[in-house]
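Chemist: The structure's right below; bear with me while I get my questions together.
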Amino acid sequence: IGIMKSGRHDLVLQDITGVANATHKNGALLKVIIETSLLTDEEKRSICGIVNTSGADFIKTSTGFAGGGATVDDIKLMREHCEPLVKIKASGGIRSLQTALDLIAVGADRLGTSSGAALVAECGGVHTPTNVAGD
């Protein structure tokens, strides 16, 4: 966060690229956590560009320890500025089915939530594309 805020995007790219290369050599995927609540929208756009170039596989909104969490606006911004191959994980503050669905609708590929069981229970009355046609 400090290096990103200092404007040393070259160092951020170098760091993430190095980790991505080592991670991929071992057959694993790399998820970059950006702590959206600590960044301006301009910094978020910049980090999306860095992640695109770095070879990372996922970009994630937050750890949950820095406050904030996933917002529709942040996921929308990230989807607009990340390449299609970069998957987005929304994490933090996802406590209702509607919030989860809203985040998915604007581009989240995965959700991180401690409310998973409650969200699944809440899904009982939701129609998905696989059962809307009367399956």
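Chemist: Over the Cα atoms of the range 23-62, what is the Rg over Rh ratio if Rh follows Kirkwood?
Modeler: In the range 23-62, Rg relative to Rh is 1.03.
Chemist: Hey, rough spin-label estimate for residue 24 and residue 41, points 7 angstrom out along Cα→Cβ, what's it come to in nanometres?
Modeler: 3.2 nm
Chemist: Let me ask something additional. Gaussian network model of the chain, Cα springs within a sub-10 Å range: biggest mean-square fluctuation belongs to which of 86, 120, 32?
Modeler: 120
Chemist: Within straight cross-link reach of residue 87, meaning Cα distance under 22 Å, which lysines are found once same-chain residues fewer than 8 apart are removed?
Modeler: Of all the lysines, those that pass the test against residue 87 - Cα under 22 Å, at least 8 places apart if same chain - are 25, 31, 44, 60, 76.
Chemist: Something else about it: Starting from the amide H of residue 33, placed 1.01 Å from N in the peptide plane, find each other amide H under 5 Å away whose residue is 5 or more places distant or on another chain.
Modeler: 60
Chemist: Separate question: Kindly give the semi-axes, whole Å and largest first, of the ellipsoid equivalent to the range 27-107, taking each as the square root of 5 times a Cα gyration tensor eigenvalue.
Modeler: Semi-axes, largest first: 19, 14, 13 Å.
Chemist: Using every Cα-Cα pair within the chain, state what percent have a distance larger than 25 Å.
Modeler: More than 25 Å apart: 30 percent of the Cα pairs in the chain.
Chemist: Return the single residue from 62, 46, 114 with maximal mean-square fluctuation; model: Gaussian network over the chain, springs between Cα atoms under 10 Å.
Modeler: 114
Read-outs: derived from the displayed coordinates by stated rules, not from any lab. Please read these numbers as outputs of a predicted model, since none were measured by experiment. Note: ideal-geometry Cβ built from the backbone for every residue, glycine included; neighbour counts use all protein chains shown.
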